[in-house]
Amino acid sequence: MVDLPAGRQGARLLSLFMYFVYILKSLKTDELYKGITNDLQRRIIEHNSNKNIGSRGKGPWRLVYFEEHSNRIEARKREKYFKSGSGREFLKIILNTIPCSSMVERPPVKR
């Protein structure tokens, strides 16, 4: 391990984690939820188990899009973009134009 000041020895390990920006879609309300995590599978389970106040009662949730980032700062910037007006427009376009085979558990299109 690198010789770092007291209390900072583990700081280097934190940069080894990958962070995910993810978009979930409620199968109940068609609402999109945008978030970041370092454990995507755990986070989806938490959403579907009603452990998250912001998504409670709106599930089940399906993962429809995610991006991988090398650090939390970049992931947070991207999450903020997705929550902005232009980010919502981007998501609307990308979620409606990407073929189902390229999507992650994309829910069927309502007709």
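Can you tell me which of (1) modelled with pLDDT under 85; (2) surrounded by 15 or more Cβ atoms within 10 Å (Cβ to Cβ) is the one ASP3 doesn't meet?
Only one criterion in (1) modelled with pLDDT under 85; (2) surrounded by 15 or more Cβ atoms within 10 Å (Cβ to Cβ) is unmet by ASP3, namely (2).
Can you name the condition, by its number, that LYS77 falls short on among (1) of a type outside the set (A, V, I, L, M); (2) in a helix (DSSP H, G or I); (3) more than 13 Å from the chain's Cα centre (by Cα)?
(3)
Which pairs do you get when a residue that is closer than 23 Å to ILE73 by Cβ and modelled with pLDDT of 85 or more, found in the stretch 37-60, comes within reach of a residue that is in a helix (DSSP H, G or I) and not hydroxyl-bearing (Ser, Thr, Tyr), reach meaning Cβ atoms under 7 angstrom, with the pair 6+ apart or on two chains?
Correct list of pairs: THR37/ARG43.
The values are calculated or read from the model by the stated rules, or taken from the named source; none is laboratory data. Since the model is a prediction, treat every value here as computed from it, not as a measurement. Quick reminder, even Gly has a Cβ in these numbers, built from the backbone with ideal geometry, and neighbours come from all protein chains shown.
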